[in-house]
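The values are calculated or read from the model by the stated rules, or taken from the named source; none is laboratory data. If you're wondering where the values come from, they're calculated on a predicted model, not measured in any experiment. With ideal geometry, Cβ positions are generated from the backbone for all residues, glycine too; neighbour counts draw on all protein chains shown. When the accessible area is computed, the model is the full protein with side chains, heavy atoms only, and any ligands, DNA or RNA have been set aside. Shrake-Rupley method; radii C 1.70, N 1.55, O 1.52, S 1.80 Å.
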Amino acid sequence: MAANDRNNPTNRPSSDSDMTVVEFWREYPDDAACLDRLWRDRFAPDGHHAHCPVCEKERKFHRIKSRASYACDSCGKHLHPMKGTIFEKSTTSLQLWFYAMFLMASTRCGISAKQLERELGVTYKTAWRMFNKIRTELMNDEGEPPLKGEVEVDETSWGGRPRKKMKPRSAELARHRESRATILGLVERGGRVRVRVIPSRRGESFSREVRAHLDPAAFMLTDDWVAYKPLRREFDHAVINHSTGVYVEGNIHTNTIEGFFGNLKTGMRGAYKKVSRKYLQSYLDEYAWRYNARRGEDSMFEQLLRRAAAS
């Protein structure tokens with residue numbers, strides 16, 4: 001007899017997966033199961049009793065099969081679990097929304113809207129809209145507290161590469177760099193990361209952006225880029241001199257944020273090929289959210305579901 005039941009595959013202990021695709025379809029086999037999950041998360045943890053705004057007390061509710069709602073057994077008041085969420089007014093199946101969130105939470109390098117189109121059988125326009133909604137409304141870090149402790153800060157560019165070889169100090173190369181989007185990255189050692197598209201990597205506007213995301217008591221670690229000099233009067237600050245070929249000196253380095261940038265660019269180039277400046281921030285939020293959520297007690301998919309219910 002085979003050691004494994006082929007008709008009932010399970011997640012092996014050695015697997016790094018929080019939830020396999022087989023487990024997903026078992027738990028969410030149809031729209032009703034997804035709506036029940038949303039109902040429990042938003043209104044009724046036990047699945048039956050919720051606060052009725054008409055009765056003004058805890059009442060028992062029952063599912064209305066012909067509509068995506070639950071009705072109070074006493075007064076008939078309807079509560080709609082999808083109202084106020086990213087799923088509201090969407091004609092796309094709730095199960096497909098859940099599966100799109102599952103895919104985004106399962107991948108480490110991103111998944112394109114074209115791939116989602118093929119996975120779900122929806123149009124490209126629908127797939128892109130779903131991904132954009134999930135990124136902008138569920139994966140942003142608005143309202144999160146400033147970064148604390150030892151925080152590595154660095155900046156990089158996103159955009160096309162020069163078509164021809166340019167001299168390192170040429171004016172043409174400088175103009176090309178200015179035309180590319182500038183990304184500011186900050187990461188707590190052993191903690192959260194934050195990335196922002198910023199207008200410039202120089203001057204007061206640059207200092208203001210760094211200041212906005214750092215706790216005043218944070219210890220900042222940067223390279224020797226001249227734009228960080230004004231911030232040395234405001235923060236405890238250590239510098240690693242990249243210009244002299246030094247990249248690690250004891251505990252002073254920016255390898256963590258540079259490693260994040262490397263994974264970010266590799267993933268985005270592989271999955272999306274090219275991202276316009278207009279939507280760049282939402283894509284950065286996606287990668288930053290995955291980096292931060294990986295340390296959570298629950299799976300990334302569970303964390304996304306809770307965010308969807310709280311929206």
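Applying the criteria of a DSSP loop state and at most 14 other Cβ atoms within 10 Å to the chymotrypsin sites (Phe, Trp or Tyr not before Pro) of region 214-311 yields Y247. The residue list S276, S243, T254 was ranked by how far each Cα lies along the charge dipole of region 216-311 toward its positive end, using unit charges on Cβ atoms, and S276 comes out on top.
For the residue pairs K133/K273; K77/K125; K114/K265; K89/K273; K89/K114, the C-alpha atoms sit more than 26 angstrom apart in K77/K125; K89/K273.
Placing pseudo-labels 7 Å out from each Cα toward the beta carbon at R108 and E58 gives an inter-label distance of 4.4 nm. Long hydrophobic helices in the chain: the complete DSSP H runs spanning 20 Å or more by Cα along their own axis with mean Kyte-Doolittle hydropathy of at least -1.0 are 255-271. Under a 5 Å amide H cut-off, with hydrogens placed 1.01 Å from N, R180 pairs with nothing among residues at least 5 apart or on other chains. Using a probe of 1.4 angstrom and keeping all protein chains present, the accessible surface of region 1-105 works out to 61 square angstrom per residue. P146 sits among other residues whose Cβ lies under 12 Å from its own Cβ, and their net charge, with Lys and Arg +1 and Asp and Glu -1, is 0. Computed extension length for T136-Y124: 2.5 nm, one decimal, from 0.36 nm per residue of separation with the Cα-Cα distance subtracted.
Is the shape of region 33-160 rounded, prolate or oblate, going by the alpha carbon gyration tensor and its root eigenvalues a ≥ b ≥ c, with a/c under 1.5 for rounded and a/b larger than b/c for prolate? Cα axes put region 33-160 in the oblate bin. Over the chain, Cα pairs under 8 Å with separation of 6+ residues give a relative contact order of 18 percent. Apply 1/(1 + (r/R0)^6) to the Cβ-Cβ distance of K148 and E249, taking R0 = 35 Å, and write down the FRET efficiency to the nearest 0.05. Efficiency, from the Cβ-Cβ distance: 0.95.
Residues of the chain were split at every exposed loop site, defined as GluC sites (Glu not before Pro) in a DSSP loop with at most 14 other C-beta atoms within 10 angstrom, and the longest piece left, sites excluded, is 143-233.
For R67 and S200, what does the FRET efficiency come to when R0 = 41 Å and r is the distance between their Cβ atoms, rounded to the nearest 0.05? Efficiency computed from Cβ-Cβ geometry: 0.20.
Segment D31..R295, full-extension length gain: 92.1 nm, with 0.36 nm per residue of separation and the alpha-carbon distance subtracted. Computed with a 1.4 Å probe over protein heavy atoms only, the accessible surface of region 255-311 comes to 48 Å² per residue. When Rg and Dmax of the Cα atoms in Å is calculated for this entry, the matching label among [x] 23.7, 77; [y] 26.4, 94; [z] 19.6, 61 is [x].
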